[in-house]
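The values are calculated or read from the model by the stated rules, or taken from the named source; none is laboratory data. None of these values were measured; they are calculated from a predicted model. A quick note on method: Cβ atoms are made from the backbone with ideal geometry, for glycine too, and the neighbour counts reach across all protein chains shown.
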Amino acid sequence: MQRSRSRLAAMLLASLLALAATVVAPTAGVCEQALKAKVGVLRLSSSAPVFIAQDKGYFRDAGLEIELKFFDAAQPIAVATTSGDVDFGITAFTAGLYNLAGKGTLKVIGGMSREKAGYPLIGYFASNNAYAAGLKTPRDLAGKRVAVTQTGSSFHYSLGLLADKYGFKLGDVKIVPLQSLSNAAAALKGETVDAALLPVSTARKLMDDGGAKLLGWVGDETPWQLGAVFASTRTLADKPLVTRLLAALARADREYHDVILAAISDGKVPLNEKTRPLLEIIAKYTNLPVEQVIGNCAYIDPDGKLDVGNVANQIAWLQQQGFVDKGVTADEIIAKEYVKPD
């Protein structure tokens with residue numbers, strides 16, 4: 001009798017263990033499976049939170065497996081997001097982005113970099129010959145040949161804001177679209193243009209080698225909401241993917257702000273035990289020495305907020321120039337369920 005009871009108990013235990021295996025195994029598999037996504041970015045400090053979230057595992061902690069794809073201009077990122085080559089884009093606003101969003105192919109889901117006084121990001125740079133001939137300040141760009149990446153780009157818009165500020169006609173400036181940052185820098189060094197608008201990370205070597213002269217910073221002249229996080233409508237249908245990505249970025253935004261931006265003095269970050277780890281991450285992804293990164297940290301809202309009013313102003317200005325379709329509005333291109341307005 002005792003033997004029968006023992007055998008019965010053993011069989012019951014085996015049955016329970018088998019049942020547990022069938023229940024637990026699939027659940028564990030689901031929990032461990034990360035959602036995959038591709039993110040399009042530029043190798044600029046304006047994407048610093050993306051690099052921090054990737055390098056410190058914040059995306060992984062949120063249940064994501066992120067692949068970063070790097071581009072040399074902002075507009076191709078919007079195109080790649082629409083086509084499905086990437087799931088999310090994190091870069092500057094452009095006329096092309098607004099037109100694609102106006103057609104319902106993508107939406108803005110968060111804020112990223114801003115042009116703000118005291119945070120050097122995009123500068124106005126003069127060629128040596130133009131500088132020697134009298135191009136000394138940003139307001140002197142009237143009538144000059146100025147390189148930008150593309151017509152309707154953030155650089156083009158920055159130049160338009162400058163024209164409005166100083167009362168000269170943008171039409172008097174010869175805009176030279178060269179499709180990439182590297183091409184614009186080469187044209188400036190080669191004296192085929194008088195000036196260029198470039199991120200400081202791109203222009204730093206030019207300045208250090210004596211190949212260009214700094215005229216001033218866009219953030220000091222005309223602050224505005226430069227960058228954003230956006231996604232295709234197809235990606236937006238996967239709400240867990242979107243919310244996880246934004247949560248990871250919010251964590252990185254806050255850390256970047258509290259550690260790096262809060263320490264900035266005279267446009268530079270002090271290099272110490274607290275700031276060095278994040279600066280080294282930014283240096284790693286931007287292919288710059290840490291010593292250059294310290295003066296190249298873009299302002300980003302600690303809560304990832306978006307200046308919605310400024311986005312509306314951008315659209316209106318670009319529409320006046322004929323770069324953005326008349327029917328596009330800020331309200332229709334912003335995913336209000338995700339965006340934190342400022």
Exercise. Which fully enclosed strands (runs of 3 or more DSSP E) of the range 194-243 have 1 or more residues being assigned by TED's automatic domain parsing to the domain that holds residue 76 and in contact (Cβ under 8 Å) with a residue 60 or more places away in the chain?
Worked result: 227-232
Seminar exercise, completed: Going through the range 130-145 in order, the residues found to be in contact (Cβ under 8 Å) with a residue 12 or more places away in the chain and not charged (D, E, K, R) are 130, 131, 135, 137, 138, 141, 142, 143
Seminar exercise, completed: A careful count of residues in the range 94-118 that are under 14 Å from residue 47 (Cβ atoms) and crowded, with 24+ Cβ neighbours inside 10 Å gives 4
For this session: Within the range 291-301, work out how many residues are among the charged types (D, E, K, R) and part of a loop (DSSP other than H, G, I, E, B).
Result: 1
For this session: State the number of residues belonging to the range 168-180 that are crowded, with 19+ Cβ neighbours inside 10 Å and hydroxyl-bearing (Ser, Thr, Tyr).
Result: 0
Exercise. Is there a residue in the range 331-338 that is buried (at least 16 other Cβ atoms within 10 Å of the Cβ) and among the small types (Gly, Ala, Ser)?
Worked result: yes
For this session: Scan the range 327-336 for residues that are farther than 11 Å from residue 98 by Cα and free of Cβ contacts under 8 Å to residues at least 60 places away in the same chain and jot them down.
Result: 331, 336
Seminar exercise, completed: Taking the range 252-272 and keeping residues buried (at least 16 other Cβ atoms within 10 Å of the Cβ) and assigned to a helix (DSSP H, G or I) leaves 252, 253, 254, 255, 256, 257, 259, 261, 263
For this session: Kindly check whether there is at least one residue in the range 273-290 that is closer than 15 Å to residue 52 by Cα, of a type in the set (A, V, I, L, M) and assigned to a loop (DSSP other than H, G, I, E, B).
Result: no
Exercise. How many residues are surrounded by fewer than 16 Cβ atoms within 10 Å (Cβ to Cβ) and either touching a His at 6+ places or on another chain (Cβ under 8 Å) or at pLDDT 95 or above (or both) when one looks only at the range 181-203?
Worked result: 3
Exercise. If you take the residues of the range 204-228 that are of a type in the set (D, E, K, R) and in contact with a Gly (Cβ under 9 Å, 6 or more places away or on another chain), which of them is surrounded by the fewest Cβ atoms within 10 Å (Cβ to Cβ)?
Worked result: 205
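So that you can scan it fast, the table gives a plain yes or no per residue for (1) aliphatic (A, V, I, L, M); (2) over 23 Å from residue 227 (Cα atoms):
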| residue | (1), (2) |
| --- | --- |
| 129 | no, yes |
| 138 | no, no |
| 148 | yes, no |
| 154 | no, no |
| 157 | no, no |
| 169 | no, yes |
| 175 | yes, no |
Exercise. What are the residues in the range 302-342 that are touching a Gly at 6+ places or on another chain (Cβ under 8 Å), assigned to a loop (DSSP other than H, G, I, E, B) and more than 30 Å from residue 169 (Cβ to Cβ), if any?
Worked result: 304, 305, 338, 339, 340, 342
For this session: Kindly establish whether residue 155 is farther than 27 Å from residue 315 by Cβ and in contact (Cβ under 8 Å) with a residue 24 or more places away in the chain.
Result: no
For this session: Determine, yes or no, whether residue 292 is out of contact with any Asp or Glu (no Cβ under 6 Å at 6 or more places or on another chain), among the polar types (S, T, N, Q), buried (at least 16 other Cβ atoms within 10 Å of the Cβ) and on the phi < 0 side of the Ramachandran plot.
Result: yes
